[in-house]
Structures are given as C-alpha cells and as structure tokens.
Amino acid sequence: MSVASPFRSVFLAGFECSTQRRADGRRLDLLAATGHDVHAPADYRALAAHGIRAARDGLRWHRIETAPGRYDWSSALPMIEAAAEAGIQVVWDLCHYGWPDDLDIWSDTFVTRFAAFAAAAARQVRAASGESPFFCPVNEISYFAWAGAEVGRIGPLAAGQGAALKRQLVKASLAGMRAVRAVEPSARFLHAEPAIHVVGDPEREAAAAAYREVQYEALDMVGGRLAPELGGGPDFLDVVGVNFYPDNQWVHGGSTIPLGHHAYRPFREMLAEVHARYGRPLLVAETGAEGTAKAAWLHYVCGEVRAARAAGVPVLGICLYPILDYPGWDNDRPCAVGLFHTHDPTGRRGLDRPLAEELGAQRARFAADGDGDAA
C-alpha cells in the first residue's frame with residue numbers, strides 16, 4: 001500500500017456517539033450512557049495501552065448549540081483535551097443522527113446552522129488540541145435517511161421520504177465542509193457509509209441489484225457524480241469510510257447471508273469495488289461483532305483487508321466499533337460488543353481478553369507486513 005496514512009495507527013477505536021430521538025420521543029446519548037463523556041481520559045489512555053492511537057468520537061451538536069448560534073463547549077472541551085493529552089488522534093463526528101430540538105431538519109436553516117456549527121467546532125478543536133481537525137460531517141447519510149425518513153425508526157420519524165432527507169443531509173455535509181475549510185484549510189474529512197451486498201432469486205435479481213446500487217448514492221452526491229445541483233465535487237471526497245458488520249449481506253426480502261455461505265461476497269471484493277468507484281483511500285470506519293463472535297470477526301476482517309491491500313487497494317486502517325459495550329438503542333439491553341466493558345464507579349473497565357489477544361496478534365501481522373504504525 002503506497003498511500004501515506006493520515007492515521008496514527010492501523011487500528012482505530014470508535015466510541016458510539018448516537019444522539020437520535022427514538023419513535024417514542026426519547027433522545028439517546030450514547031456517550032453519556034457508556035460513561036465515556038465522563039471517563040474519556042481513562043478511556044483514551046486504555047486505547048494507547050493497546051496500541052490504538054486514533055479514534056472516532058463525537059461532538060454532540062444538540063448539547064453544544066444551546067440556542068441559535070450560541071455554543072456551550074463544556075461537554076466537548078474536556079474530551080478534546082483528554083484525547084490530546086493521551087496522544088490519541090480523533091476523527092470527530094459532527095452529526096451522528098441528532099440535532100438541536102429547535103431546528104427543523106427539512107429547512108434551509110438546518111444547512112446554514114450546521115455549517116456554522118462545523119466552523120465553530122473546527123476552531124475549538126484547533127484551539128484545544130493544537131492540531132488541524134479531522135471530521136466526519138454527517139455520519140452514515142444512507143442509513144440516517146433510511147431510518148429517519150423512509151421507515152421512521154428515528155428522527156425525523158418520516159415515511160417514504162428517504163430520498164429527500166438524503167439530499168438534505170448531503171447539502172448539510174457539503175456546507176459544513178466548505179465552512180470548515182474556510183477557517184481550517186488543512187482539515188481532513190471522513191465519509192462513513194455502510195457497505196452492503198444483496199442477492200435475490202431469479203425473480204428478485206434485478207430488484208436486489210438496484211437495492212445494492214443505492215448504497216453509493218450519498219457518496220455519489222458528495223462527489224458530484226449524482227445530483228450535481230447539490231454542489232458536490234471530487235474534492236469533497238477525502239477518506240471514504242466503509243462500515244461493515246456481520247449482517248451487512250442479505251437476501252432481498254429475506255434473511256442475512258452468513259459468513260461461509262456460497263452467496264457471501266468476500267469483503268476484499270467489496271473494498272475493491274468502492275475504491276474502483278471513487279479512487280480514494282479507504283478506512284474500515286466501523287466493524288465489530290457481539291459476544292463470542294468478536295475475535296473471530298476481527299480475524300476475518302483483518303485477513304480481508306490484508307488481501308485487499310495486497311491487490312493494491314489503499315485501506316488505511318480498521319476501526320473497532322463500538323469499542324465500549326453499550327445499551328441497545330431500542331431496549332437498553334447490554335450489547336457486549338466492545339474491547340472494554342461497562343465502567344465501575346471509579347471509571348475502570350473490564351477487558352474482553354479474547355478480543356484483546358486477537359487485536360494484539362493482528363497488530364503484529366500488520367507490523368510484519370511493513371506497517372510501522374501497527375507496532
């Protein structure tokens with residue numbers, strides 16, 4: 001892999017930072033629910049102890065912009081400073097499914113307010129860390145549009161309007177990047193989108209192929225290949241993030257395709273397809289499994305990434321997401337997905353040892369392949 005990575009380590013950690021409103025009106029705040037907002041210094045130090053020197057984390061827009069154009073950074077600055085002190089490079093999500101309650105997501109004001117918030121965030125990150133910011137402007141535009149406006153699972157709780165929300169989120173993302181570049185020209189950006197594979201029987205083959213192609217709409221809009229009237233262009237595609245989980249492949253109208261099934265598409269092929277389409281360096285921006293499957297899943301993903309790299313696909317790194325166990329979105333059930341478990345009253349977290357051992361082995365393999373940041 002000849003592309004120089006902007007990340008300090010091959011492995012990144014992702015802190016679940018969703019802030020959406022559920023259908024029952026309750027707003028989630030996963031940084032608070034996991035205690036990461038309070039225990040960030042210890043959490044970042046724990047990453048460094050396992051050779052992880054880069055992370056994805058979130059700036060909670062709804063908590064920071066307390067009134068139009070009025071920002072309270074008290075929830076964010078301690079986290080930014082703690083990351084800098086621990087030597088952890090952070091890609092900050094600016095909109096992870098949530099926005100201020102006074103703001104209509106369908107309005108032009110949503111776009112302009114988001115752009116102003118993004119610029120203000122860039123200034124704060126620079127001032128608190130001394131480094132140029134690295135942002136994911138709007139996380140998973142494709143999923144956000146589907147869950148929020150196609151099936152009404154999360155805010156804005158609409159139905160049949162996913163395409164319209166996707167365009168609106170792309171407009172906001174583009175406006176945010178322009179605003180950030182106006183104050184921090186060297187800022188970097190990550191666009192994190194789900195990578196899926198959908199198959200169908202002969203009667204559903206065309207529908208499955210069309211559904212699979214939809215996964216690229218948001219990135220095509222950001223890059224100006226689709227809906228150029230939104231103002232996208234190739235220069236807005238920096239690092240392309242690929243989110244990949246065990247349930248990201250399924251039969252159209254049916255069940256998940258399990259790993260090992262004849263219809264399961266190797267992840268290396270999916271990575272190669274994304275790179276061929278956009279010509280940009282890639283990050284596995286989210287990946288992980290639950291329970292006893294965690295270590296085996298990481299083993300599979302790392303093997304596929306190494307194979308993709310060997311074929312010339314510039315995959316810069318792998319983000320373990322989420323890095324902490326967390327309460328489920330819909331029912332608060334304990335989701336055992338993390339390298340680290342729920343904290344005790346002192347902020348100490350238990351360690352998933354099988355996953356930690358697999359991570360250590362994979363770091364050694366990447367180092368043996370010549371990736372010095374892995375060691």
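Modelled spin-label separation between Ala182 and Thr112, with each label point placed 7 Å from Cα along the Cα-to-Cβ direction: 1.1 nm.
Using a 7 Å offset from Cα along Cα-Cβ at Glu229, what residues in the range 132-170 end up with backbone N under 16 Å from the label point? The answer is 163-170, whose backbone nitrogens lie closer than 16 Å to the label point. Considering only Asp24, Asp220, Asp104, the mean-square fluctuation computed in a Gaussian network model of the chain, springs between alpha carbons under 10 angstrom, is largest for Asp24.
Tell me the net charge near Glu81. Cut-off is 14 Å between Cβ atoms, Glu81 excluded, with +1 for each Lys or Arg and -1 for each Asp or Glu. Neighbour charge sum, excluding Glu81 itself: -3. Report the residue, chosen from Gly254, Gly69, Gly155, that carries the largest GNM mean-square fluctuation when the chain is represented by alpha-carbon nodes joined by springs under 10 Å. Checking each option, the largest mean-square fluctuation is seen for Gly254. Taking the charge dipole of the range 159-248 about its Cα centre, with +1 at Lys and Arg Cβ atoms and -1 at Asp and Glu Cβ atoms, the residue from Ala179, Ala164, Val240 reaching farthest to the positive side is Ala179.
Given R0 = 30 Å, the distance between the Cβ atoms of Asp102 and Ala207 translates into a calculated FRET efficiency of 0.15.
Express the carbon and sulfur contribution to the solvent-accessible surface of the chain as a percent, rounded to the nearest whole number, probe 1.4 angstrom. Intermediate results must be reported in sequence, preceding the final value.
Details: 7740 of 14640 Å².
With neighbouring chains kept in place, the figure for the chain is 53 percent.
Over the range 230-323, accessible surface divided per residue gives 35 Å², non-protein components excluded, 1.4 Å probe. Ranking Ile64, Thr109, His39 by Cα position along the charge dipole of the range 37-161, where only Lys, Arg, Asp and Glu carry charges on their C-beta atoms, puts His39 farthest toward the positive end. Springs between Cα atoms under 10 Å define the GNM used for the chain, and in it the highest mean-square fluctuation of Leu31, Leu351, Leu283 occurs at Leu351.
Per-residue packing, averaged as other Cβ atoms within 10 Å, sorts the ranges 354-361, 130-137 into the order 130-137, 354-361, beginning with the highest.
Here are labelled values, (i) 17.6; (ii) 19.7; (iii) 21.2, and one is the computed mean projected area of the Cα convex hull in nm² for what I pasted. Which one? Answer by label: (i). Of the GluC sites (Glu not before Pro) in the range 225-296, the ones in a loop by DSSP (not H, G, I, E or B) with at most 16 other beta carbons within 10 Å are Glu290. Reported to the nearest whole Å, the Cα centre-to-centre distance from the range 289-355 to the range 82-157 is 23.
From helices alone, the chain scores -11500 deg cm²/dmol at 222 nm; the rule is -39500 (n - 2.57) for each run of n ≥ 4 DSSP H residues, then divide by the residue total. Using the Cβ of His252 as centre and a radius below 13 Å, the other residues enclosed give a net charge of -2, where K and R count +1 and D and E count -1.
Could you pull out which residues in the range 33-53 have an amide N less than 16 Å from a spot 7 Å beyond the Cα of Glu85, following the Cα-Cβ vector? Taking a point 7 Å out along Cα→Cβ of Glu85, the residues of the range 33-53 whose backbone N falls under 16 Å are 36-49.
Per residue, the accessible area of the range 40-124 comes to 35 Å², computed with a 1.4 Å probe over protein heavy atoms only.
The values are calculated or read from the model by the stated rules, or taken from the named source; none is laboratory data. As the structure is a prediction and not an experimental result, all values here were calculated from the model. Don't worry about glycine lacking a Cβ; one is built from the backbone with ideal geometry, like all the others, and counts go over all protein chains shown. Quick note on the areas: whole protein, heavy atoms, side chains included, nothing else; ligands and nucleic acids left out. Shrake-Rupley method; radii C 1.70, N 1.55, O 1.52, S 1.80 Å.
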